[in-house]
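Taking it in order: structure first as structure tokens, then the write-up.
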């Protein structure tokens, strides 16, 4: 789907399949800038990352980046990553599938060199529970994403019922330490690989079942900047409510408004989460 595709077609496809591809949403120059910024983040030039290690001037750029699978909240380190969260082509599409008022609450920077694991079947809404089912991910490819280097796989239509399937721990070496969804009415034969070129964006619903496999390429990365969004008109009960506060009033306020208005702006913005490294199984899983 091109970025010029009508809003009606985009929203209809998103509602039917749970995902849509924005071809060529970012220019080659924008992608190159984000790749350079990725290296700066991995080297620690833009600030501290919990769980990170000293890059060391003696290490090559390649050696530095291969240390990391995923860095959470890069937009808190980099103005350029924050711009990526607010990218006009992405935000325009979000207003058609979410509504006119959109806020972001999370960013993730995947580096995923060869040999690094993927992530088992899961639904993003399991981790980020929006009250109105508006959670939407924007998966920005910074390299060509292929089956070989560990692109995403999706189960089209698996979002429609709005059901969060059971989750469990696993010991599958193909995947990182994140829990896996199971007992859903689909098989791997129903899965579709989403191979997209650098600069394209995959938008998908928070209830859509998706996974990725390890990067089995001979050499190289599968870098991606992934941002999560929802309607700004809905509260976000992400985390425990304050003492004495009903769960129905819980509202996570470490957010970035990217479109329209925030009716809860009077609550202010809090800095709650800090950048950290996702465990990739190489160092064991904290269970």
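The table that follows gives values for the structure above.
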item: Scope region 106-139; condition over 21 Å from residue 207 (Cβ atoms) and touching a helix residue (DSSP H, G or I) at 6+ places or on another chain (Cβ under 8 Å); matching residues; result: 109, 111, 113
item: Checklist (1) surrounded by 13 or more Cβ atoms within 10 Å (Cβ to Cβ); (2) part of a helix (DSSP H, G or I) applied to residue 9, failing item; result: (1)
item: Residue in region 29-41 that is without any contact (Cβ under 8 Å) to a residue 60 or more places away in the chain, in contact with a helix residue (DSSP H, G or I) (Cβ under 9 Å, 6 or more places away or on another chain) and at positive phi present; result: no
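Since every read-out is calculated from the coordinates, none of them should be taken as a lab result. These numbers were taken from a predicted model, which means no experiment stands behind them. With ideal geometry, Cβ positions are generated from the backbone for all residues, glycine too; neighbour counts draw on all protein chains shown.
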